[in-house]
Each structure stands twice: as structure tokens, then as C-alpha cells.
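S.K.: My questions all concern the structure below.
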Amino acid sequence: MEILITNDDGFKSKGIQVLSSIMAPAGSIRVVAPKTHQSGMSMAVSLGFRKITAKDLPEKRPGRWTWLNATPASCVKFALNYDYADRKPDLLLCGINHGSNAATAACYSGTLGAAAEGALNGVPSIGVSIDDYRPDADFSAVEAFLPGIISGLLQSWPKDRYGLYYNINFPGIPADGIKGVKVCRQGKGHWEKEYKDWDIRKITYVGVDPEVLAEADRTPVGEGEKTYMMVGDFVDDDTPDSDADHRLMEQGWITVVPEKLDTTDYEEVARLTACGFNRVF
């Protein structure tokens with residue numbers, strides 16, 4: 001099996017190293033990951049009149065590694081363009097993301113944006129995250145249970161389902177605390193008080209490479225400019241008895257949410273049609 005791996009935390013993160021090591025026994029590993037931290041990029045691509053640099057990393061194992069100075073979705077495009085020009089990988093894995101991508105975090109996630117890019121190109125694609133921002137997060141649960149989950153998904157993957165990909169979230173707890181795995185829906189929520197004064201001391205915990213943070217802290221600030229950071233407070237908008245992914249994960253469950261590229265609201269299509277909205281001019 002040919003396995004393409006990327007992430008949004010950058011090629012130096014522990015998560016992508018663990019993921020490639022977990023999957024190495026299953027097949028040939030090809031890693032194309034962002035050079036720097038790319039969280040919140042969703043499915044953005046690196047367009048525009050600028051150079052996109054790449055560098056092979058022969059010292060990295062397992063498999064063959066390259067960093068790309070671009071978004072996660074762009075990394076997928078790069079690999080499909082150069083490594084799989086005459087074929088497709090059997091599987092695209094994105095992660096392991098440091099931090100939850102449950103609930104509406106999925107809307108912004110670069111991890112899931114890369115998975116969506118794979119799905120767009122007809123590649124079975126899965127995003128994997130753990131609810132632990134620490135650079136040295138405990139991945140024992142992922143190591144214990146992810147191979148079996150992936151194997152089960154691949155065995156039953158519906159070949160005719162356009163744009164399908166999966167969002168897997170692990171609680172940030174050791175393997176012996178995991179209750180099990182549940183297929184569920186995406187939770188509801190939003191963020192408030194998202195813009196706060198820049199303070200590097202308050203974001204060193206989020207799993208970002210210290211070098212990246214240091215570079216960001218040195219970014220020149222012009223006269224009259226102010227600096228902020230986006231680290232809002234999550235507000236849970238789901239029902240009290242919800243069995244959505246973020247709630248189940250808090251209870252110790254591994255969650256699997258099927259997602260898709262087609263965002264059409266078919267109920268609304270039917271409602272507007274029934275209301276006589278369609279007409280000929």
C-alpha cells in the first residue's frame with residue numbers, strides 16, 4: 001500500500017513522526033509536509049506570484065520526506081503532481097494534529113483541508129487529531145488503536161461516494177483510559193473574544209515549533225501598528241444531551257465523523273423548490 005502523509009503542524013512535529021512510524025508496517029511511506037506551522041488554513045492553497053520552495057529530507061525516516069513552504073492542501077497537490085502523476089496513493093493520512101479538530105474546529109482545520117484535497121482527487125483520505133497541544137503529547141492511544149480503525153475504514157470504504165473523508169479525534173489521555181470508538185456527527189460551537197494582545201508566553205503551549213514562535217515574535221511592527229493573536233474561547237452550542245464528537249471525546253471516546261466535500265443543503269433545495277422558488281423568466 002502506498003501511503004501519503006501530511007499535516008498542518010509542520011514537518012518537525014511529533015505527531016507526523018508518530019503517524020509515519022505507526023503506518024510504516026502497512027506500506028510505502030511518502031511524507032510531504034509544510035515547512036512551518038499552518039494551522040487554520042482549511043483547504044487554502046498557496047496561490048499568487050511568489051516562489052514555493054521545497055527541500056528533500058534524506059535524514060528523516062521512515063519513508064521519503066520533503067518539506068514544502070506552503071499550505072497542507074498545497075502539499076497534497078505537490079505530491080499528487082510529482083510523486084503520483086501516473087497513479088494515486090492508496091491512502092492519504094493527515095496529522096497527527098496537536099489539538100482537537102472536533103466540532104466546528106473542523107471548518108478551519110488545515111489537517112482536514114488536506115484530507116478534503118485528497119478526497120477531491122479521489123484518494124481515500126483521513127484526518128487524525130489528538131486533544132493535546134503539548135509538543136510531547138502522549139500518543140499511546142493513537143499507537144494502540146489507530147491502525148485497527150484505519151484498517152476497518154479501508155475495508156468498508158464506499159468506492160462510489162464522491163468527496164468522502166473521515167475526521168478521527170483522540171482524547172488526550174493514555175491508551176488505558178480509552179472507552180472505545182464511536183461513529184458520530186460533528187458538534188456545534190463557536191469562538192468568542194478571539195483577538196488578544198500578542199504575548200508569546202501565552203501561546204508556547206500549543207505545540208508550535210519554538211523557532212516558528214520566535215520568528216513570529218521578531219516580525220517587524222510599523223509605526224502605529226498593534227499586534228494581536230487569535231486564541232479565542234470555545235463556546236459549546238450543542239444540546240444538553242448531545243452525542244456529538246466533542247462531547248464524546250471529552251468522555252474518553254475516540255470519535256469518527258464522516259465528512260464530505262459537497263456542502264449543499266439538500267433539505268433547503270427541496271424546501272425552496274416546493275415553495276415555487278424556481279421560475280422561468
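S.K.: Of the conditions (1) more than 15 Å from the chain's Cα centre (by Cα); (2) under 28 Å from Met249 (Cα atoms); (3) surrounded by fewer than 16 Cβ atoms within 10 Å (Cβ to Cβ), Met23 fails just one. Which one is it?
M.R.: Here Met23 meets the rest and fails (3).
S.K.: Which of the strands (runs of 3 or more DSSP E) found entirely inside region 1-103 contain at least 3 residues meeting this: within 16 Å of Ala115 (Cα to Cα), in contact with a Ser or Thr (Cβ under 6 Å, 6 or more places away or on another chain) and not β-branched (Val, Ile, Thr)?
M.R.: Where strands (runs of 3 or more DSSP E) fall fully within region 1-103 and carry at least 3 residues being within 16 Å of Ala115 (Cα to Cα), in contact with a Ser or Thr (Cβ under 6 Å, 6 or more places away or on another chain) and not β-branched (Val, Ile, Thr), they are 91-98.
S.K.: From the residues in region 136-173 that are in a loop (DSSP other than H, G, I, E, B) and among the hydroxyl-bearing types (Ser, Thr, Tyr), which one is surrounded by the fewest Cβ atoms within 10 Å (Cβ to Cβ)?
M.R.: That would be Ser156.
S.K.: Okay, next question. Select, from Ala216, Ala244, the only residue that is touching a helix residue (DSSP H, G or I) at 6+ places or on another chain (Cβ under 8 Å), surrounded by 10 or more Cβ atoms within 10 Å (Cβ to Cβ) and farther than 27 Å from Ile126 by Cβ.
M.R.: None of the other options fit; the residue is Ala216.
S.K.: Condition test on Arg50, is it among the charged types (D, E, K, R), without any contact (Cβ under 8 Å) to a residue 24 or more places away in the chain and assigned by TED's automatic domain parsing to the domain that holds Glu259?
M.R.: Yes.
S.K.: Would you pick out the residues in region 46-83 that are surrounded by fewer than 17 Cβ atoms within 10 Å (Cβ to Cβ) and β-branched (Val, Ile, Thr)?
M.R.: Ile52, Thr53
The values are calculated or read from the model by the stated rules, or taken from the named source; none is laboratory data. What you see is a predicted model, and the numbers here were worked out from it, not measured in a lab. Positions of Cβ are generated from backbone atoms using ideal geometry, with glycine treated the same way; all protein chains shown enter the neighbour counts.
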